[in-house]
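Contents: one structure, followed by commentary.
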Amino acid sequence: MITNQALLLLMLSMLRPSTALPFTPENIGNLFGMAESDGRILQRSKRGWMWNQFFLLEEYAGNDHQYVGKLHSNMDKGDGSVKYVLTGEGAGTLFLIDEKSGDIHATKRLDREEKAMYTLIAKVLDRNTNAELEPDTEFNIKIHDINDNAPKFAREIYFASVPEMSEVGTSVVTVTATDADDQTYGNSARLVYSILQGQPYFSVDSENGTIKTALPGMDREVKENYQVVIQAKDMAGQMGGLSGTTTVSITLSDVNDSPPHSFRVTAVESTEIGGAIGHIKADDPDVGRNAEMEYSIVGGHDIFNIITDQTTQEGVILIKKALDYESKRDYEFRVEVKNTYLDARFIHGLQFKDYATVKVTVEDVDEPPVFTRSPYIIEVHEDTAAGSFVGVVSARDPDADNKPVKYSIDRHTDLERLFNIDSVNGTITTLKALDREMSKWHNISVVATEISNPRQTTRVPVFIKVLDVNDNAPEFAMSYDTFVCENVKTFTLKPQLIQTISAVDTDEPLVGHKFVFSISANNPNFTIVDREDNTANIVTRRGGFSRREMSMYFLPIVISDNDYPIQSSTSTLIVRVCACDSHGNMQSCNPEVLPFSDGLTTGGLVAILLCVVILLMIVVLFAALRRQRKKEPLIISKEDVRDNVVSYNDEGGGEEDTQAFDIGTLRNPEVMDANKLRRDIIPEMLFPFRRTSPMKDNTDVRDFINGRLQENDSDPTAPPYDSLATYAYEGTGSLAESLSSLESAATEGDQDYDYLSNWGPQFKKLAEMYIVKSPDRET
């Protein structure tokens, strides 16, 4: 019996469409006459010792000896005494069997379309005696179909015809395709037909491939031939299915739908008003002025007009109003033509005019999107949070296809990037909070673009008005210079008016501004009187102000508005006490020089003056000590060999550094004053003047260096570059001679540096460095 449970599940999957049983172990055993016992599958009863059918997917067949199934007999005890033999169609070539295990494999790829089933015979023999242990059993290997064949039409091009002016749904021709895959299993050969080219004139039945007319009034005189592309797709048209196409050439056959003396004119809907769409001409055998004609539309027309071309004697049809393919596609009117010159001798019994019918067909053009409004005016409150809704704009494609459009904002009109728009639904939102006090209006441009044709765009202005929110407090309208006259006698009847104040508010409430002024009720000097016109008077509550007591008063005034939420601010009014004349005019507001009060005695004044004198003496003494302090020498002891570490921490550029200083100047002090160059900036001259002269005396150089050193030490603005130039000159007669490498030997090994050890502790480190590197010493 077969023990490959995976094969059983494959067989069940093929049988499942015809059974309602779930895939459970119990149902699997019932379907194949089997039952579970003690956790193992028992031998089938009354059906032979093996299954009579195996299944194999053709896409796997022959893929590296693909496993097909397994034969197993109850006579096989697993000791190798049983041998399995396979005979029949493809045995030994297409199918191989393992003699010991009974496993069957396919040796190469099998195509169901070539052969769908193979019949074989299985035998079970004793390996030693070749005696049959089980009766021979015949079984089938069925190749299971996969979708590996695309639908095919019988012909690549079909030809058909249909009468013009046929009604919608008139059958034209039926085209069918075939699929070599198995039609009895799955959807591999289930075809669905669709039209790829030829809309909106024709349609196709998705099940049987019948082509039908889809547009009424198709006129042969306008367009006679149509190319229709039909597609057949398997897997019921689902994604992943294979497809094939064919072309159908359809011709409109003529019917008698045009009376005599009729004309057909085609006009595109984008024709400008006043533009010509066609010409018509009547025949007149006369010549000269006898053949002159005049054309007119009988009864007139709202859309079209006709004029006469005097040169060609043709009637020119013009556009009076814009055409719209989506609104109306066909027009018909009658045209009258008559001679302009009539001969009186022949007018009796003859008609010198004629009539003709003109049919105009409007053709569609790809038009840009159209907004529902232009312009848009949208209102939004200020202080709206970023991401808040502002408004929606809408546009559509006026063409019959009604192609989708996308929206965008012209960023040249929104440089601050305050707004954003949803490209799909046209919803405008804020990117930043808006402030009406900064800008009351925002004017942006929204662009609508056809997704399938980006060249078709339309712009619309969007005016966004920022509505006011009471978010600013009122404040003084100006800066006030307020004073009160001193020594005014205490009043008894009315207070003294010293200032009238007003306020401003950057907000704009709908009902207008209303300000309320107030000060502290406990103020003993001043009070405020509201005038109910957004101004207030500041008046005194007493008299007798004196600059000696207080020369200036700070009066806090609270100003509130009446909008919601109420905003208020506190502004300070400065009131000065001034001397006035008898008429109340200010004369002087400077504080008077007041005598010392009795509390400050003469002894106290003397003590204060003495402290000041002592402090001045301390400052003078400190300054004198700083001048007398001597500068501490850099080198404390001549035996201290660390002077090179302290003084020469900057190596400089060596002999090649010609910009640091000019040694020639040190050698010739006379030219130093005439040719001063700073080394901390780039010189103005590219090649500065340099002149060398022989040394007159070492004393001149020493005096010159000391003089320049003292000048720089006493100059607080001089940079510390003199240290580089000061020690550059060794002097003459030195035992060390020149340390420059310009006149040195070609190689380092040609020199002997033993003499450096005799120059004293100043050159000890240098001697160690060069004597160690000597080749002889290393040897």
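The values are calculated or read from the model by the stated rules, or taken from the named source; none is laboratory data. Just so it is clear, the structure is predicted and the values come from calculations on it, not from any experiment. Cβ sites come from the backbone with ideal geometry, for glycine too, and all protein chains shown count toward neighbours. The area values use the complete protein model at the heavy-atom level, side chains included, leaving out ligands, DNA and RNA. Shrake-Rupley method; radii C 1.70, N 1.55, O 1.52, S 1.80 Å.
Restricting attention to region 492-508, which residues are open to solvent by less than 30 Å² (accessible area, probe 1.4 Å) and among the acidic types (Asp, Glu)? Residues satisfying the conditions are Asp505, Asp507. For region 509-552, the set of residues classified as touching a residue at least 60 places away in the same chain (Cβ under 8 Å) and loosely packed, with under 15 Cβ neighbours inside 10 Å consists of Ser546 only.
Taking Ile273, is it free of Cβ contacts under 8 Å to residues at least 60 places away in the same chain and under 29 Å from Thr457 (Cα atoms)?
Numbers: free of Cβ contacts under 8 Å to residues at least 60 places away in the same chain: yes; under 29 Å from Thr457 (Cα atoms): yes.
Here the answer is yes, as Ile273 does meet what is asked.
Has region 228-243 got at least one residue that is open to solvent by 70 Å² or more (accessible area, probe 1.4 Å) and under 30 Å from Glu363 (Cα atoms)? There is no residue in region 228-243 that is open to solvent by 70 Å² or more (accessible area, probe 1.4 Å) and under 30 Å from Glu363 (Cα atoms). Being open to solvent by less than 70 Å² (accessible area, probe 1.4 Å) and touching a Pro at 6+ places or on another chain (Cβ under 7 Å) is the requirement here; does Glu314 meet it? Against the criterion (open to solvent by less than 70 Å² (accessible area, probe 1.4 Å) and touching a Pro at 6+ places or on another chain (Cβ under 7 Å)), Glu314 does not qualify. Of all residues in region 217-239, those that are within 14 Å of Asp330 (Cβ to Cβ) and of a type in the set (A, V, I, L, M, F, W, C) have Cβ atoms under 7 Å from Cβ atoms of residues that are open to solvent by less than 30 Å² (accessible area, probe 1.4 Å) and in a strand (DSSP E or B), 6 or more apart or on another chain, in Met218/Leu252; Val222/Thr361.
Note on region 395-421: residues that are assigned to a loop (DSSP other than H, G, I, E, B), open to solvent by 50 Å² or more (accessible area, probe 1.4 Å) and touching a residue at least 12 places away in the same chain (Cβ under 8 Å) amount to 5. Considered as a group, the residues in region 128-147 that are open to solvent by 60 Å² or more (accessible area, probe 1.4 Å) and within 13 Å of Glu89 (Cα to Cα) include one that is modelled with the highest pLDDT, and that residue is Glu138.
So that you can scan it fast, the table gives a plain yes or no per residue for (1) of a type in the set (Asp, Glu); (2) at pLDDT 80 or above; (3) over 60 Å from the mean Cα position of the chain (by Cα); (4) not assigned by the TED database to the domain that holds Thr178:
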| position | (1), (2), (3), (4) |
| --- | --- |
| His72 | no, yes, yes, yes |
| Leu96 | no, yes, yes, yes |
| Ser101 | no, yes, yes, yes |
| Ala106 | no, yes, no, yes |
| Arg112 | no, no, no, yes |
| Ala116 | no, no, no, yes |
| Asp126 | yes, yes, yes, yes |
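Taken over region 422-444, the criterion of being open to solvent by less than 70 Å² (accessible area, probe 1.4 Å) and within 12 Å of Ile464 (Cβ to Cβ) is satisfied by Ile428, Thr429, Thr430, Leu434, Arg436, Ser439, His442, Ile444. Taking the stated definitions as given, is Asn140 outside the structural domain of Ala232 (by the TED database), more than 60 Å from the chain's Cα centre (by Cα) and part of a loop (DSSP other than H, G, I, E, B)? Considered against the rule, which asks whether it is outside the structural domain of Ala232 (by the TED database), more than 60 Å from the chain's Cα centre (by Cα) and part of a loop (DSSP other than H, G, I, E, B), Asn140 comes out as no.
Among the residues of region 282-311, the one identified as at pLDDT below 90, open to solvent by 40 Å² or more (accessible area, probe 1.4 Å) and either within 12 Å of Ala356 (Cβ to Cβ) or in a strand (DSSP E or B) (or both) is Asp283.
In this structure, does Phe352 turn out to be open to solvent by less than 80 Å² (accessible area, probe 1.4 Å) and among the aromatic types (Phe, Trp, Tyr)? Yes: the conditions hold for Phe352.
If we scan region 603-623, do we find a residue that is open to solvent by 100 Å² or more (accessible area, probe 1.4 Å) and at pLDDT below 75? Scanning region 603-623, I find no residue that is open to solvent by 100 Å² or more (accessible area, probe 1.4 Å) and at pLDDT below 75, so the answer is no.
Any residue at all in region 585-597 that is modelled with pLDDT of 90 or more and either in a loop (DSSP other than H, G, I, E, B) or not aromatic (Phe, Trp, Tyr) (or both)?
Checked against the condition, which is being modelled with pLDDT of 90 or more and either in a loop (DSSP other than H, G, I, E, B) or not aromatic (Phe, Trp, Tyr) (or both), region 585-597 yields no hits at all.
Scanning region 65-95 for residues that are within 28 Å of Glu114 (Cα to Cα) and either small (Gly, Ala, Ser) or open to solvent by 70 Å² or more (accessible area, probe 1.4 Å) (or both) turns up His65, Tyr67, Gly69, Gly88, Glu89, Gly90, Ala91, Gly92, Thr93.
The set of residues from region 358-382 being in contact with a Pro (Cβ under 7 Å, 6 or more places away or on another chain) and either modelled with pLDDT of 90 or more or within 19 Å of Thr429 (Cα to Cα) (or both) comprises Val370, Pro375. Restricted to region 79-129, the set of strands (runs of 3 or more DSSP E) holding at least 3 residues that are of a type in the set (Ser, Thr, Tyr) is empty.
Only one entry of Val192, Val162, Val172 meets the criterion of being touching a helix residue (DSSP H, G or I) at 6+ places or on another chain (Cβ under 7 Å), surrounded by 19 or more Cβ atoms within 10 Å (Cβ to Cβ) and either under 30 Å from Ile250 (Cα atoms) or modelled with pLDDT of 85 or more (or both), and that entry is Val192. Pairing each residue of region 172-183 that is without any contact (Cβ under 8 Å) to a residue 24 or more places away in the chain with any residue that is open to solvent by 70 Å² or more (accessible area, probe 1.4 Å), provided the two are 6+ apart or on different chains, yields C-beta distances under 9 Å for Gln183/Arg190.
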